[in-house]
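The values are calculated or read from the model by the stated rules, or taken from the named source; none is laboratory data. Quantities reported herein were computed from a predicted structural model and do not represent experimental measurements. In this analysis, Cβ positions are derived from the backbone assuming ideal geometry, glycine residues included, and neighbour counts consider all displayed protein chains. Quick note on the areas: whole protein, heavy atoms, side chains included, nothing else; ligands and nucleic acids left out. Shrake-Rupley method; radii C 1.70, N 1.55, O 1.52, S 1.80 Å.
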Amino acid sequence: MTDALRISALTKSFDVGKRLFGPSKAQVRAVQPLTLTVAENETLGIVGESGCGKSTLARMLVGLLPPTSGTIEIAGAALDNADPAVFGRKIQYVFQDPISSLNPRKTIRDILQAPLKHLHRMDGPARAARIREILAAVNLREEFLERYPHEFSGGQAQRIGIARALAADARILILDEPVSALDVSVQAQVLNLLADLKAEFGLTYLFISHDLAVVEAVSDRVAVLYFGSVVEIGSARQVFAAPRHPYTRLLAQSAPVVGRALKAPEGRETELPDPLNPPEGCAFRARCPRAQAICARQSPELTAVGGGVELACFNPLDVAAPDTA
């Protein structure tokens, strides 16, 4: 299967305590050297706590943030320091808050025309025809084109956001918490729409969410991020039914489930490490009930452990793989 997206040793650092003159006092590394591949027509779920680097990674992939180091390739072509228009024609972002992501002073027609004008240089008739196609694909009526974003519900606004991404004709969509701001019934409608669009247009998704149930339902594979690094990656069924990394199990235990009493998850600490004072060795060590002496000295590397799973852990959980029959 062809790789739609390949990320190699990608990092992002931010200056903190910046002075008017001279260098900054310190740097925070939001994304550690990170390597991932995403196949064509695959949905890769990305999960982790707030502050683990999910949105920073997403913004680098669409060119909203420049990487500190590393490479981004789409269909084998490097996009490092590329023209923003090149990014826009290959990969697009669907934002968490649909209404605030749309320009309140522009009509829906203007919003959908923008990528057609600036990325594809379409003339008026071609733009009109393409907009009709896109509206039909996301189940919106043409009469909406002369309205403004504030006139729509959250679900309708998110469909418009998806339509804007489709207008660029990109084949990779970064979906950053695309349904978290919506009512549960509307979430299901938008998720079904995304599944239909993926099949119709041959799209590839990176689906970022805190909702593990949603990620499991929509993803082919799942990458678990902690402190800017991938600590476990594998098929969605494998990762959620039989997590091997202690952090993945902590996430699963922390997720609320109907009929199950809420309780504190297994572990010692509850917070991410201080990014200004990162720990030696494994970043999860202070929170891990299985930490060993080596965890304080050395950071584990992501390693294949069989069954399509890769782990960054010196003492992984010994669990049975789920029945795949």
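Left without a cysteine partner by the 4.7 Å Cβ rule in the chain: CYS52, CYS288, CYS313. The lysine pair tally for the chain, using Cα distances under 30 Å and a gap of 8 or more places or different chains, is 16. Scoring 165-178, 54-67 by mean Cβ neighbours within 10 Å over their residues and listing the highest first yields 165-178, 54-67. Each helix, a run of at least 4 DSSP H residues, gives -39500 (n - 2.57); summed and divided by the residues of the chain, these come to -9000 deg cm²/dmol at 222 nm.
Just in the range 77-164: which GluC sites (Glu not before Pro) are loop by DSSP and have at most 16 other Cβ atoms within 10 Å? Numbers along the way, then the final one.
On the way: sites: GLU133, GLU142, GLU143, GLU146, GLU151; in loops: none.
Loop-located and lightly packed - none at all.
Hey, what angle do you get for helix 184-201 against the long axis of the chain, alpha-carbon based, 0 to 90 degrees rounded to 10? The angle comes out near 80 degrees. Across the range 140-206, C-alpha contacts under 8 Å between residues 6 or more apart give a mean separation that, scaled by the residue count, equals a relative contact order of 37 percent.
Solvent-accessible surface (1.4 Å probe) assigned to ASP110 amounts to roughly 70 Å². Mean separation of Cα pairs under 8 Å and 6 or more residues apart, divided by the residue count, gives the chain a relative contact order of 19 percent.
Computed from Cα positions, the angle between helix 154-167 and the longest principal axis of the chain comes to roughly 80 degrees. The residues of the chain expose, per residue, 50 Å² of accessible area to a 1.4 Å probe.
For the chain, the share of accessible area belonging to carbon and sulfur comes to 50 percent (1.4 Å probe, ligands and nucleic acids excluded).
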